[in-house]
Each structure stands twice: as C-alpha cells, then as structure tokens.
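Some notes on the structure that comes next.
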Amino acid sequence: MIFNVVPDFLFFIIEVVLLNIALNLLANSIHIPPTPRNRIILAVIALFLALILFWIKNIVYPPPICQPSPDVATRLSTGGNNLITKNTPYEKDREQKIYDNNRQVDANNSYLLAVAVPGNARQQAARAMLAGVADAQTKFNQAQKDPTTPKKSSQPKLLNIVVVDDNDDKDVASKVACQIATNPEWKNILGVIGHHSSNASKAALEIYAKAGITMITPTSTSTNLRQDSNNKVFFRATVSNAALGRSLADEIGTLGKVRIFYEGNNEYSKELKNKFK
C-alpha cells in the first residue's frame, strides 16, 4: 500500500513546486514586488491549486481498485480449459457440464455469473459446488428455451458461467477477484457464487465490495463476513459461526470437560473456537 501512496505524494509535491514557480514568474511579469509576504501568499495559492488539481484528477481518473496479476488469468474459464483434475475417467464431470451448457449460449445475450471454487486443493468441495451450479444452470436454460414457458422476450437470455479456481488460498482469491473486477473480458459478470473457505471469501470480498460486485457464499461461515457501511454486496446461503457455535456449545456443554483443537491460521477454525468461550 505504501508503494502506491509514495509516487502520488511525490507527484503532488512536484505540482506544488511547479505551480509556485509559474506563479512567481507571473508575478514578476506584472511587476508584483517579490517581498517575503508576497512569496508566502503565492506559495499558499500554489498549494491550494495543487490540492484542487489532485482532487479533480482523482475524480476523473480514480485510483485502481487493485493491481491485476496476469499470472492468474488461466484460473478463470468458460470452457477453454478445465481447472479441476478428474480422479477417474468415469466420474461425472460437472465442470465440463457447465462448459457444455456455455457452448449453447450466445455470450452477447446472456446472464454472466462466476462460481469461485477451491480447485484441486479441495477437489471434493469444488466438485460439490460445481455440481450445484451445473444443475441450476441446466434447469434455468432449459426453462428459458422451453416454448411453453412465458417469456418477456423472443430471445430470452441464458445463463453463462465462469469457473474460477482460487486454490483455497486467500492470496490467490484476492488476485482472481481483482481479475473479475478489472479485466474487461469479465466486465459483464453480475455476481460471484463463492468462495468456499472463509479465508478466501474475506480476501475476495474486499475487492468485490470496492467494485460493487455481488457475492453470495454457500459455505463460508465466518461472522467477519457481513454487510456494513462499506460493503453492501455480501450475502450468505448458510449459517454463520455465531449460530453454529451456539448449537455446538449447547451440545458439548452436556459432556463435562472437553478439549478443543483448532487450526490457528484458519479464519473459520479460530472463530468457531472462540464461540465456545
């Protein structure tokens, strides 16, 4: 963050100096005496003008939401490449089902959603999320194509899905969220289903909130994930750790003394442990 601020500050100082020089040259040309008082007045005017220019620049050219990382571009796919490795050639491939559905969709006349899954880091969870999305996409598109279903348009929009692999890693989640928020290829994404873990969801939500991209997680339970004054885009389709912790504490409370083991680097694990206290 500090490396982004320093160039802006240096540029602001240079603006002040250049404006001060220009004002002094102007003052000399109209024969304003170069008294200490006049020099101070000109310096204050230069500072004031630089502040106005800085404010205008940030309105016309607002700072970027995040810095895109080209190395994660291959972690987003609508069918060009499969992101989840199959353990056997015979298992149902829900990721491929999504891509097959996408091929029947006109990309220029569709609703575009992203589903962010933990990839090969947690294959079972990734497949479960993709299975739900694939089935929902299939049912929605079939209903839209059904001639007996009432339509608002003669060319109803179908659902197009972008599969996103965050590898269940908060740093990768932040980078793929930045791709979604800034890459023109994904500018039509209406919202994101995911991410899986609370760590990944928390990192990605910081980007989505700034970009105004709706996020609904089916699995992240951390109570730190919530709407607030700076974030109106978060939704959850599962219970929070607060509700889950109360239920577990009530049950464990009947067992007498217990020991709790938790993963210290995991947002979900730490928070759930604290709910027992």
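Which of 163, 233, 239 comes first, and how do the rest follow, when ranked by fewest Cβ neighbours within 10 Å? Provide the component values of the computation, followed by the final result.
Numbers: 163 28, 233 17, 239 12.
Lowest count first: 239, 233, 163.
Taking 8 Å as the Cα distance limit and 6 or more residues as the minimum spacing, I'd like the relative contact order of the chain as a percentage.
Values: 394 pairs, mean separation 40.6, N = 277.
Normalised by residue count, the contact order of the chain is 15 percent.
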Using each residue's phi in region 21-29, evaluate 6.51 cos²θ - 1.76 cosθ + 1.60 at θ = phi - 60° and report the 3J(HN,Hα) Karplus result to the nearest Hz, with x for Gly and Pro. 4, 4, 5, 5, 5, 5, 4, 5, 5
Region 48-97: which trypsin sites (Lys or Arg not before Pro) are DSSP loop and have at most 13 other beta-carbon atoms within 10 angstrom? 92
Report the relative contact order of region 128-277, percent, no decimals, based on alpha-carbon pairs under 8 angstrom and at least 6 residues apart. 16
Excluding same-chain pairs closer than 8 in sequence, count the lysine pairs in region 153-226 whose Cα atoms lie under 20 Å apart. 8
I need to check one value: relative contact order of region 163-212, counting alpha carbon pairs closer than 8 Å and at least 6 residues apart, in percent. 46
Can you tell me the dipole magnitude for the chain around its Cα centre, using point charges on the Cβ only (Lys, Arg +1; Asp, Glu -1), in Debye to the nearest 20? 600
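Loop-only chymotrypsin sites (Phe, Trp or Tyr not before Pro) in region 218-263, please: DSSP not H, G, I, E or B, and at most 16 other Cβ atoms within 10 Å. Could you put the intermediate results ahead of the total?
Values: sites: 234, 235, 261, 262; in loops: 261, 262.
Qualifying residues, ordered by number: 261, 262.
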Around residue 111, which amide H atoms from residues at least 5 apart in sequence, or from another chain, sit under 5 Å from its own amide H, with H modelled in the peptide plane? 158, 159, 160
Potential extension, residue 54-residue 243 segment - 0.36 nm per residue separation minus Cα distance: 63.3 nm
Please give the helix 198-211 orientation as an angle from the longest Cα principal axis of the chain, in degrees from 0 to 90, rounded to the nearest 10. 50
What are the ³J(HN,Hα) values, in whole Hz, obtained from phi via the Karplus relation 6.51 cos²θ - 1.76 cosθ + 1.60 with θ = phi - 60°, for each residue of region 227-244 in sequence order, with x given for Gly and Pro? 7, 8, 5, 9, 8, 10, 10, 8, 9, 10, 10, 8, 6, 8, 4, 4, 5, 5
Using the Karplus equation 6.51 cos²θ - 1.76 cosθ + 1.60 (θ = phi - 60°), what ³J(HN,Hα) coupling, rounded to whole Hz, does each residue of region 68-77 give in order, writing x for Gly and Pro? x, 10, x, 5, 9, 4, 6, 8, 10, 8
Please return the longest stretch of the chain lacking exposed loop sites, where GluC sites (Glu not before Pro) count only if DSSP places them in a loop and at most 14 other Cβ atoms lie within 10 Å. 92-262
For the chain, find the longest principal axis of its Cα atoms and tell me its angle to the long axis of helix 170-182, 0 to 90°, nearest 10. 70
Scan region 99-128 for trypsin sites (Lys or Arg not before Pro) in coil per DSSP, keeping those whose Cβ has at most 10 other Cβ atoms within 10 Å, and list them by number. none
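Mind checking Rg over Rh on region 22-142, alpha carbons, Kirkwood formula for Rh?
Ratio value, two decimals: 1.47.
On alpha-carbon atoms, Rg over Rh for the chain using Kirkwood Rh?
On the way: Rg = 26.6 Å, Rh = 22.7 Å.
We get a ratio of 1.17 for the chain.
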Neighbour-count ranking [beta-carbon atoms within 10 angstrom, fewest first] of 255, 113, 18: 255, 18, 113
Can you give the calculated 222 nm mean residue ellipticity of the chain, where each DSSP H run of n ≥ 4 adds -39,500 (n - 2.57) and the sum is split over every residue, rounded to the nearest 500 deg cm²/dmol? -16000 deg cm²/dmol
Name the long-range amide H neighbours of residue 191: under 5 Å, sequence gap of 5 or more, or other chain; modelled H, no Pro or chain starts. 114
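Over all directions, the average projected area of the alpha-carbon convex hull for region 14-55 comes to how many nm²?
The number I arrive at for region 14-55 is 2.6 nm².
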Please determine, in degrees from 0 to 90 and to the nearest 10, the orientation of helix 36-60 with respect to the longest principal axis defined by the Cα atoms of the chain, where the helix direction is its Cα long axis. 20
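Bear in mind these aren't lab numbers, they're just calculated from the coordinates by the rules spelled out. Remember, it's a predicted structure, so these values are computed and weren't measured experimentally. Glycine also receives a Cβ, built like all others from the backbone with ideal geometry; neighbour counts cover every protein chain displayed.
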